[in-house]
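J.: Dropping a structure here in structure tokens format, bear with me for questions.
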Amino acid sequence: MKKIIMICLMTVIGFGVSNAMAQKKQVDLKTTVLQTEVDCENCAKKIRENVSFEKGVKGLEISVEDKTVALKYDAAKTSEEKLKTSIEKLGYPVAGVVEPGCENCGHDHGHEHNHGHDHGHNHAH
């Protein structure tokens, strides 16, 4: 009988601890879409390989066509400004934040840029 009571007690305590831990793990996830000068898959790969591992980054999607980097991040561990800086340090200027629903607004797909970074191939201008 004592074993049954102890097992029940341990189970209740275990659920209480796991519930408390689950409540602490709630994070303030934010999403931002940055307009960048990423213009080829090599550029996207460079950003993906470096920015994905920044503290607080939970998700990253890059659109070469739209020249955007969409980031999901934990606001308690990083900020939009820090993420912009990490992309710019790689040689890709951030022109601004894209408003939700406006991924194709305000930029020209017909002109490609090379801002001092080597793509490993030639672009026609």
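The values are calculated or read from the model by the stated rules, or taken from the named source; none is laboratory data. Just so we're clear, the structure is a prediction, and the values are computed from it rather than from any experiment. Neighbour counts are summed over all protein chains in view; Cβ atoms, including those assigned to glycine, are modelled from backbone coordinates with ideal geometry. What goes into the accessible areas is simple: the full protein's heavy atoms, side chains included, and nothing from ligands, DNA or RNA. Shrake-Rupley method; radii C 1.70, N 1.55, O 1.52, S 1.80 Å.
J.: To the nearest 10 square angstrom, what accessible area does Ser52 show with a 1.4 Å probe?
T.: 40
J.: Continuing with this model, one more query. So for the pair Asn42, Thr85, with labels modelled 7 Å out along Cα→Cβ, what separation do we get in nm?
T.: Inter-label distance under the simple model: 2.9 nm.
J.: When Lys and Arg each count +1 and Asp and Glu each count -1, what net charge do the other residues less than 13 Å away from Leu71, Cβ to Cβ, add up to?
T.: Computed value for this residue: +3.
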